[in-house]
Amino acid sequence: MDERIAYKQQLKQFGEQVITQRIAITIQAMNEAQAAANQEEKSSAGDKYETSRAMSHLEKDMHARQLLAHQQDLNALRAINVSIILDSPLPGAFIRTATISFFIAAGLGQQSVNGETIVFLSPISPLAKSLMQKKSGDEFEFKGKNRIMELY
């Protein structure tokens, strides 16, 4: 197998682990918010009880929305094909410049993979969309000028 494909598969797997970990943390936070709502004891000041309970439910709802977003990110990442060498910055592409590398797959931001800093970009992010019109050797702006040295 081509080492570039193996590397992209490793990056995809890393991304899946990050999102899976975020899902686990979000589920735990949802459960803690539900437990807090369940443990609220009605005091003589009923309004305080209702307010605290409502806050716990709002927190749980916020975590539920985060969970849904993480699950959608994971499904989108799993759908990306990294088993082909690309010549344009499409979803599944790895891009290396002199100073920074990008993986167009999921919006996980800057990550450290085996000591290398890689920016994981969502395919729908403005930067990924602007990169999709580029090819190897082209320049683009990201924290200064960058030239695509390697693309696959």
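Details
- Options Leu86, Leu77: the member that is of a type outside the set (Lys, Arg), surrounded by 15 or more Cβ atoms within 10 Å (Cβ to Cβ), under 26 Å from the mean Cα position of the chain (by Cα) and modelled with pLDDT of 95 or more: Leu77
- Every condition in (1) within 22 Å of Asn75 (Cβ to Cβ); (2) surrounded by fewer than 14 Cβ atoms within 10 Å (Cβ to Cβ); (3) not hydrophobic (A, V, I, L, M, F, W, C) is met by Thr117 except one, and the failing one is (1).
- Residue count for region 81-106, restricted to those that are in contact with an Asp or Glu (Cβ under 7 Å, 6 or more places away or on another chain) and not hydrophobic (A, V, I, L, M, F, W, C): 2.
- Restricting region 22-51 to residues that are of a type in the set (Gly, Ala, Ser) and farther than 14 Å from Leu68 by Cα, the residue that is modelled with the lowest pLDDT: Ser44
The rows are residues; the columns are (1) in contact (Cβ under 8 Å) with a residue 12 or more places away in the chain; (2) part of a loop (DSSP other than H, G, I, E, B); (3) under 23 Å from Gly15 (Cα atoms); (4) out of contact with any helix residue (DSSP H, G or I) (no Cβ under 8 Å at 6 or more places or on another chain).
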{"site": "Ser56", "(1), (2), (3), (4)": "yes, no, no, no"}
{"site": "Gln66", "(1), (2), (3), (4)": "yes, no, yes, no"}
{"site": "Asn75", "(1), (2), (3), (4)": "no, no, yes, yes"}
{"site": "Asn81", "(1), (2), (3), (4)": "no, yes, yes, yes"}
{"site": "Ile84", "(1), (2), (3), (4)": "yes, yes, yes, no"}
{"site": "Phe102", "(1), (2), (3), (4)": "yes, no, yes, no"}
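The values are calculated or read from the model by the stated rules, or taken from the named source; none is laboratory data. Every value quoted in this text rests on a predicted model; they were computed, and no experiment measured them. Backbone-built Cβ (ideal geometry, glycine too); neighbour counts: all protein chains shown.
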